[in-house]
Amino acid sequence: VICVICGFKTSASIQEPEPPQTQPSPSPSPSPSPSPSPSPTPVTGLHQWGAVTLFHGLPSDRVRAITQDSDGVMWFGTEGGLAKFDGRRTQVLKDPALPGTRVLALKKDEDGVLWIGTDAGATRLIGGQLKIINEVSGNAISVIMIAERGRVLLATEQGNVFECTSKQDGALHVRPLLATPLQSADRDQPGPLVITSLTIADGKLIAGSLSRGLIAIENGSATEIQDRRTGYFIRALATDNKGQLWVGARTRREEPAVFFGAPGDLRKSEAPTGPVAVIQPIGDTIFIGTDGRGVFRFSGEEAERFTFDGTEGGLRSDRVYAIFADREGVIWFGTDRGVSRFDPQAPRVEVVGTNPESNFVRTIFQASDGRVLAGTNRGLFLYDESNRSYDSNAVLSRNIIYSLHEDNAGYLFAGSASGFFVSQRRLVDTSVTSLGFTRLEASSGNADAAGSVRAITTFRDATYFASFRRGVQAYQNGRVRTFWPGEITAEVISLFADGDKRLLIGTAKDGVLSSDGQNVITVPEFDQFKGAAVRAITRTADSTLWLATSRGLYSCREDNQCSVAAAVDARALVPSRAGDNASVWCATAGNGLLKVVIDADVGPVVSQIDSEQGLPSQNIFSVAAEGNDQTVIIGTNRGVVRYGPGHTKPALYAARIVSKRVHQPAELHAGLNLEYPQNSLLLDVAAISR
């Protein structure tokens, strides 16, 4: 253990030592042939994956169907019965009204009714009660399709499709769509035709079958759609949001078996999927579950593959029978080894460079064109969306980058341990690898006058930057001039332009100062921050001022009355754009990433994301948010992390109610009748969320 501890590199430290003065300074002119640094493949974190298996209470590990009810509870159809999972525990549903043992299909309709198809019929779960559908008893229900509100289709392995129509009086009308059940064309296995899938394409109901290919069902008759490319053994069908038909066939292992296009005019994908078991459109993406080759995720015609080995066991098996996306965007896979849960928005780590110092991210900056830049202990990097990697700028490759800023003209400023740099071209006109930088000099011609630049901002159409131990300096007409050291040389580490009203100056030990562009003054309300390092300042839309300090995160009202919102060593701030309350994302040293909301009734509400949720380190040095917090980008001392916060309110339910006796949660609807006298009442409430 001692050897391991001593072996950690200093890049893992949370300290911010003064950069070495002997660091070589790069040439002010760009390198004639800059070359990008190696671009490692982003790492998929195991925290994106979870599982529900026989060990967690499933009646069987072979999961054929998945859905979610209106309360957020997950339902799993297995070969051993029906189970529901509320996020904490799994319960197996056993009822005489549940025909058969093997659950083959599950669907929830728009009225919240759960439809259950088994190997011996179908039933509905309405208001906690199971109601069997007698008209389909004895049929193996292979597919349930919600055609429209009040109309559900049930396909069987006995060659027929039943239409179930809900009446206004609550009655259910069931009729077969085919007068005569279809028969198999397979000479080796004669008998009823197994219908494997249903979809609607070009306004027609199309069924996939084993041995007769694609079948159009209309006006009580079935017509085979002649398309030899798909073969005669169709395992899965789906229609994407563009109206395009997707077909999955049975084929040999590692051969392509996915077709897409218009019915009768399908094209073949070149992805070596092998036999397809299920197709599930999710937004603009198509997920293909296979029988032995894992999952293929199609974005357009390009396919990304998930396998047991490729996900380090996250996907529990390469045999995938069911795919379902819940209301929060989490993808659930039913396999022959239980259920795998994949959260695309969970924290996922991206490696910036091969050098450990290039993964020590000091600042994250989002340019006006949406591109993301990372300033590290080993230079400047730009994220390339096309290949999901980071490109390096050769000019700044040996610099510690503390701050980045883009002016109104689109030029990029970089504050480093060895000076202040400005790009020779606008960022929107070029890539970061060819973005030349010039090191700026002071009016005296001294190249070292800028010092170690920790923060940059624009105030009243001028660019100001904080120079550690040299005060605040200004960039004007291509030259650097000293704006303020005052009578003392403050260790300035943060700047914030509070509109056109004032420029706030955060220091390492002298608290917060204020400037009107001419003079720098102390603010009595900020005297409490003296002796603390004020590393970041921001303001949210509700006019709350936030300060990230070594003593904690503070929120200040308009009268500058400040109070502690979170007792942490705060490093960086970015306003949250989601919700109406005052809220910020706060990077900390040792406590991961916080989201802090000021509630009018209870005050500060703090939620935390750290290594337990997938961050590679507890030490966060920078944070940025895209859009309405659709993606939060986190800079750590071990790489960049992308995280998609949830925006769906958790479903709350009563898990346990105890007075003098144990109450059933259903009693809450009618009200609890408590005996007198009553000394205590315990209400245990749980929330379901990703």
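The values are calculated or read from the model by the stated rules, or taken from the named source; none is laboratory data. A quick note: this is a predicted structure, and the numbers were derived from the prediction, not measured. Counting neighbours? That spans all protein chains shown, and the Cβs are built from the backbone with ideal geometry, glycine included. We work out accessible area using only protein heavy atoms, side chains counted, and drop any ligands, DNA or RNA first. Shrake-Rupley method; radii C 1.70, N 1.55, O 1.52, S 1.80 Å.
For the stretch 347-388, the solvent-accessible area of protein heavy atoms averages 36 Å² per residue (probe radius 1.4 Å; ligands and nucleic acids excluded). Set the Förster radius R0 to 25 Å, insert the Cβ-Cβ distance between residue 224 and residue 165 as r into 1/(1 + (r/R0)^6), and round the FRET efficiency to 0.05. According to the calculation, E is roughly 0.40. Taking GluC sites (Glu not before Pro) across the stretch 215-262, the ones in a DSSP loop with at most 12 further Cβ atoms lying within 10 angstrom of their Cβ are 254.
Given charges of +1 on the Cβ of Lys and Arg and -1 on the Cβ of Asp and Glu, with all other atoms neutral, how large is the dipole of the chain about its Cα centre, in debye to the nearest 20? My answer is approximately 900 debye. For the stretch 333-374, a crude dipole built from +1 on the beta carbon of Lys and Arg and -1 on the beta carbon of Asp and Glu, taken about the Cα centre, is about 80 debye to the nearest 20. A Stokes-Einstein calculation at 4 °C with viscosity 1.567 mPa s, built on the Kirkwood radius of the stretch 573-621 over Cα pairs, returns a diffusion coefficient of 115 µm²/s.
Counting only protein heavy atoms and using a 1.4 Å probe, the accessible area of residue 332 comes to about 10 Å². A cut-off under 11 angstrom between Cβ atoms defines the neighbours of residue 590, and their net charge, with Lys, Arg +1 and Asp, Glu -1, is -1. Per-residue surface analysis assigns residue 601 an accessible area of about 140 Å², computed on protein heavy atoms at 1.4 Å probe radius.
Rounded to the nearest angstrom and listed largest first, the equivalent-ellipsoid semi-axes of the stretch 635-690 from its Cα gyration tensor are 41, 13, 7. A helix-only calculation puts the chain at 0 deg cm²/dmol for mean residue ellipticity at 222 nm, using -39500 (n - 2.57) for each DSSP H run of at least four residues, averaged over all residues.
So if R0 is 60 Å, what FRET efficiency would residue 658 and residue 368 give, r being the distance between their Cβ atoms, rounded to the nearest 0.05? Efficiency computed from Cβ-Cβ geometry: 0.55. When peptides 358-369, 631-642, 124-135, 664-675 are sorted by average Cβ neighbour count within 10 Å, with the highest value leading, the order is 631-642, 358-369, 124-135, 664-675. Modelled spin-label separation between residue 601 and residue 522, with each label point placed 7 Å from Cα along the Cα-to-Cβ direction: 4.2 nm.
Each Cα pair under 8 Å and six or more residues apart adds its separation to the average, and for the chain the resulting relative contact order is 9 percent. A simple count of charges around residue 553, restricted to other residues whose Cβ falls under 12 Å of its Cβ and scoring Lys, Arg +1 and Asp, Glu -1, yields +3. Computing the accessible area with a 1.4 Å probe over protein heavy atoms, can you report the carbon and sulfur percentage for the chain? Answer for the chain is 46 percent, counting heavy atoms of protein chains only. Per the Kirkwood formula on distinct C-alpha pairs, the Rh of the stretch 119-242 is how many angstrom? Hydrodynamic radius (Kirkwood, Cα only) of the stretch 119-242 equals 15.2 Å. Accessible area ranking (1.4 Å probe, heavy atoms, ligands and nucleic acids excluded), largest first, for 123, 354, 433: 354, 433, 123. Rg/Rh, computed from the Cα trace of the chain with Rh as the Kirkwood radius, has the value 1.07. Stretching the chain fully between residue 469 and residue 613 yields a gain of 48.0 nm (0.36 nm per residue, less the alpha carbon separation).
Compute the signed sum of charges (Lys and Arg +1, Asp and Glu -1) over the other residues within less than 11 Å, Cβ to Cβ, of residue 151. Charge balance near residue 151 sits at -3.
Which is farthest toward the positive dipole end of the stretch 472-612 among 547, 526, 515, measuring Cα position about the Cα centre, with Cβ charges +1 (Lys, Arg) and -1 (Asp, Glu)? My answer, from the dipole projection, is 515. Residue ranges 69-75, 136-142 sort as 136-142, 69-75 when ordered by packing (mean number of other C-beta atoms within 10 Å per residue, highest first). Note on the stretch 76-125: with charges restricted to the Cβ of Lys and Arg (+1) and Asp and Glu (-1), its dipole about the Cα centre is near 220 debye.
With viscosity 1.567 mPa s and temperature 4 °C, the Kirkwood radius over alpha carbon pairs of the stretch 272-333 converts through Stokes-Einstein to a diffusion coefficient of 112 µm²/s. For residue 308, the amide hydrogen comes within under 5 Å of the amide hydrogens of 318, counting only partners 5 or more places away or on other chains and with H modelled in the peptide plane.
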